[in-house]
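**Student:** Mind looking over this structure? Questions follow.
Computed from the coordinates by the stated procedures, all read-outs in this text should not be read as laboratory data. Note that the structure is a prediction, hence the values are computed from the model and not measured. Heads up, the Cβs are rebuilt from the backbone with ideal geometry, glycines too, and the neighbour counts pull from every protein chain shown.
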Amino acid sequence: MLHGNKKKQLSRNKNQRNALIKTLAVSLIKYEKIQTTETKAKVLKPVVEKLITKGKENNLSAQKLIASRLGATSASKIIKVLSPKYKDRNGGYTRVTKIQTRLSDGTKMAQIEFI
């Protein structure tokens, strides 16, 4: 039963889902634009936006929290590059754009990128 649960399961168990979201977040932070399925992009968007908002605090606890979620290199990029870029913005750091369907299986695809 999924009463009151808004999270998408992505046809994976909890550990696999968390690993998938982590790798997608690291890729988005590294390349600043990735193409993935529409559902995965919609799941990834709030995760990345919360981390950037946390990075705007720029204190030790925020750095440790981001590093524990993503790793040291991605955390340093969030703290040094992305968070200062969005210091005057209150949210909406990413954009999900629908693109053409995948030819092999007809899955709806989307591109997620930083604004």
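**Student:** Need a quick list: helices (runs of 4 or more DSSP H) entirely within the chain having at least 3 residues that are touching a residue at least 24 places away in the same chain (Cβ under 8 Å) and within 14 Å of the chain's Cα centre (by Cα).
**Tutor:** Here the list reads 14-31, 38-55.
**Student:** Looking at (1) out of contact with any Ser or Thr (no Cβ under 8 Å at 6 or more places or on another chain); (2) surrounded by 13 or more Cβ atoms within 10 Å (Cβ to Cβ); (3) within 23 Å of Q16 (Cα to Cα); (4) not β-branched (V, I, T), can you tell me which one K77 breaks?
**Tutor:** (3)
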